[in-house]
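Undergrad: Could you have a look at this structure, given as structure tokens, before my questions?
The values are calculated or read from the model by the stated rules, or taken from the named source; none is laboratory data. Not measured: the values here are computed from a predicted model. Here Cβ is always computed from backbone atoms with ideal geometry, including for glycine, and neighbour counts include all displayed protein chains. These area figures cover heavy atoms from the full protein model, side chains too; ligands, DNA and RNA do not enter into them. Shrake-Rupley method; radii C 1.70, N 1.55, O 1.52, S 1.80 Å.
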Amino acid sequence: MLRAQIDGILHQCAQEADYAVNKRLMGGNNPSRQQCAEEVMDAQGNPLKRAILLGREKHQAARDCVQHHLSQLIPGSFSLNSRYRFDLSTGKLKLISPSQEKALLRAGGEELVGTLVPDVVLHTGNPLEVLDVYDFKFPCPGSNSPTWNSYPEHHPYHEYSQWQMYQKAFGGNPARVAPRWGVLRGQK
């Protein structure tokens, strides 16, 4: 029952984030395929596809919503955007603290390649004792199916999908959360 309640909160947060960001950045309209592919500038003046900009904004809005709701429902038993290092050969999982992450970014970020950053992790109170993992997906356009990412060639996990790596590292059946689709479990 608690899992269904959490799933409902995450789906609601995805829907609210999708609506709010589309309202703010798209005049309340859902972006078309052409608009998703257009190049725009981020706040720092860097060019990127509108789909990426919308996705970043929607992820942040969804995480803010989840923080608010889960802090009341299961305080201390979830993490947002925690970064983990997973060793494929040993199966060992290590949490990277925010201060370690900042230091690695200042050093160029190469040491962060191959780390995993799920949007929402449910845990026992210890972030290394993972109970469930969720990743928000905001496909652009929104009618597209929310898919797990594939790792590029030359990436340490290039032979695996994001779902496969989450499953290997955290166990269970990692879920995608998308505004129009709800909570989807499994690789497909």
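Undergrad: Got a sec? Charge dipole of the chain, +1 on Cβ for Lys and Arg, -1 for Asp and Glu; which of Y84, W181, Y166 is way out at the positive end?
TA: W181
Undergrad: Can you give the extra length, in nm with one decimal, that the chain gains between D64 and T90 once fully stretched, where that is 0.36 nm per residue apart less the Cα-Cα distance?
TA: Gain on stretching D64 to T90: 5.9 nm.
Undergrad: Report, in debye and to the nearest 20, how large the dipole of region 59-139 comes out about its Cα centre when Lys and Arg carry +1 and Asp and Glu carry -1 on their Cβ. It would help to have the intermediate numbers written out before the result.
TA: On the way: 8 positive and 9 negative charges, 30 e Å.
In total the dipole reaches around 140 debye.
Undergrad: For the chain, what is the calculated [θ] at 222 nm in deg cm²/dmol (nearest 500), taking -39500 (n - 2.57) for each run of four or more DSSP H residues and dividing by its residue count?
TA: Calculated from helices alone, the mean residue ellipticity at 222 nm is -12500 deg cm²/dmol.
Undergrad: Separate question: What is the percent carbon and sulfur in the accessible area of region 1-54, measuring with a 1.4 Å probe over the protein chains and ignoring ligands?
TA: Working: 1780 of 3430 Å².
Ligands and nucleic acids excluded, carbon and sulfur give 52 percent.
Undergrad: Picking from P152, P141, P174, which is most flexible by a Gaussian network model of the chain using Cα springs under 10 Å?
TA: Looking only at P152, P141, P174, the biggest GNM fluctuation is shown by P152.
Undergrad: Cα-based count: Lys pairs in region 43-188 below 14 Å, eight or more positions apart or different chains? Display every interim value, and only then the final one.
TA: Working: K58/K137; K92/K168; K94/K168; K137/K188.
Lysine pair count for region 43-188: 4.
Undergrad: How would you order 10-18, 35-43, 73-81 from highest to lowest mean count of nearby Cβ atoms within 10 Å?
TA: Descending mean neighbour count gives 10-18, 73-81, 35-43.
Undergrad: Net charge around Q100, counting only other residues with Cβ within less than 12 Å of its Cβ (Lys, Arg = +1; Asp, Glu = -1)? Numbers along the way, then the final one.
TA: Values: positive: R83, R85, K94, K102, R106; negative: E101, E111.
Combined, the nearby Lys, Arg, Asp and Glu give +3.
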